[in-house]
1. Of the conditions (1) crowded, with 23+ Cβ neighbours inside 10 Å; (2) part of a loop (DSSP other than H, G, I, E, B); (3) not hydroxyl-bearing (Ser, Thr, Tyr), PHE192 clears all except one; give me its number.
2. Against the condition more than 24 Å from THR132 (Cα to Cα) and in contact with an Asp or Glu (Cβ under 7 Å, 6 or more places away or on another chain), how does PRO319 come out, does it pass?
3. Of the residues in the stretch 69-115, how many are in a loop (DSSP other than H, G, I, E, B), closer than 30 Å to GLU242 by Cα and modelled with pLDDT under 90?
4. Kindly indicate whether any position in the stretch 142-160 is within 30 Å of LEU311 (Cβ to Cβ), of a type in the set (Phe, Trp, Tyr) and surrounded by fewer than 22 Cβ atoms within 10 Å (Cβ to Cβ).
5. Hey, among the residues in the stretch 302-338 that are surrounded by 14 or more Cβ atoms within 10 Å (Cβ to Cβ) and β-branched (Val, Ile, Thr), which one's farthest from ASP186 (Cα to Cα)?
Amino acid sequence: MLTRRAALTLSCASALAACAAPGPAVARVGPDSFAPLVRKVLPAVVNIAVVEQVTTGDDPLATLPPQLRRQFRDRYPQRKREVRGAGSGFLIDPSGLIVTNGHVVQGASRIVVALEGGQEMPANVVGMDELTDLALIRVSPGSPLPAVAWGDSRTLQVGDWVMAAGNPFGLGGSVTAGIVSARGRDIGAGPFDDFIQIDAPINPGNSGGPLFNVEGEVVGINSAIYSPTGSSVGIGFAIPSELAARITAELAEKGHIDRGWLGVSMQDIRAPGVAVAEVARGGPAGRAGVRAGDVILAVNGKSVDDSRALLRAVAAVTPGQGVRLTLRRQGREIDLSVTVGRRPSSEQ
């Protein structure tokens, strides 16, 4: 079950030896204590409490005809109840910008952020991106708050030490440590899956919390666990900072994410390229002359081997810009110029 929510070195004896007689491999050990790291970064980690108004399933007017339901709706409104949830986040700017998971704050009617010292303050959503499950929220402090810096998740290696922080089961200010178990995991959460797999325990409530490297930089956002029980079994997944830093910067600037869109449905094939199964009428690809049955081989000269690669390549293009598609049609290759459109939101 997937639940939405946290080296080897070789040395030579001397330059003169020129590595002719290499010394034994030395495994890099972890720090003697994570305490200095915890003291450095934990003040920037926050707990997030949310309240969501949910309509109950009991509708006293459900059996009435539609016209009568409309007539009596104001007199007999549907009942609503409060659903409370909790998650984690971290400050990336002293002015009060906080990164968390989209699923932590989605649908919330009220958000309250608690700092390490217990101070609470209301927060509002700056922007959210459903496709990457990232959100940016803001509090308005009276003075600058401690913040942490992004690290480069591309430098992580399998086996590197990492530390997760957050609010598991409502127990604020918690940290766990482990190693990077794998990289580039696709867990079926969305088209941009590129998760870091870790064995540092993360549990419900850790969602949106930071994953730190040993330098105290944020290299991931803890987001999901694999578990038959709902609790940690040592398989957790974090959104890499390479993606999160870029998405949250755009959310801070515009409040939303603009992604390129071709307007085609795609089908993977047993050959290089992606087959076009259907072309949206009036969409960017249709206007440029793309047809159902075409096989898209490359975008701006870069090969695409499957539909995920094509989606990512096009999504990275700013709407309104042109791209060159290399197609195979009836046994021959052709190039078409397409002005990329704006990817519709899920509501659209």
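The values are calculated or read from the model by the stated rules, or taken from the named source; none is laboratory data. Note that the structure is a prediction, hence the values are computed from the model and not measured. Note that we place each Cβ from the backbone using ideal geometry, even for glycine, and neighbour counts take in every protein chain shown.
1. All conditions pass for PHE192, except number (1).
2. On the way: more than 24 Å from THR132 (Cα to Cα): no; in contact with an Asp or Glu (Cβ under 7 Å, 6 or more places away or on another chain): yes.
Taking the combined requirement at face value, the residue does not satisfy it.
3. Step one: filter the stretch 69-115 for residues in a loop (DSSP other than H, G, I, E, B), giving 73-79, 94-96, 106-109, 115.
After this cut, where a residue has to be closer than 30 Å to GLU242 by Cα as well, the list is 94-96, 106-108, 115.
When the remaining residues are screened for being modelled with pLDDT under 90, the result is 107.
Counting residues in the stretch 69-115 that are in a loop (DSSP other than H, G, I, E, B), closer than 30 Å to GLU242 by Cα and modelled with pLDDT under 90 gives 1.
4. yes
5. Across the stretch 302-338, the extreme among qualifying residues is VAL338.
A quick yes/no check of all residues on (1) in contact with an Asp or Glu (Cβ under 6 Å, 6 or more places away or on another chain); (2) surrounded by 21 or more Cβ atoms within 10 Å (Cβ to Cβ); (3) not in a loop (DSSP other than H, G, I, E, B):
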| residue | (1), (2), (3) |
| --- | --- |
| ILE221 | no, yes, yes |
| ARG246 | no, no, yes |
| HIS256 | no, no, no |
| GLN267 | no, no, yes |
| ALA277 | no, no, yes |
| ARG281 | no, no, no |
| VAL290 | no, yes, no |
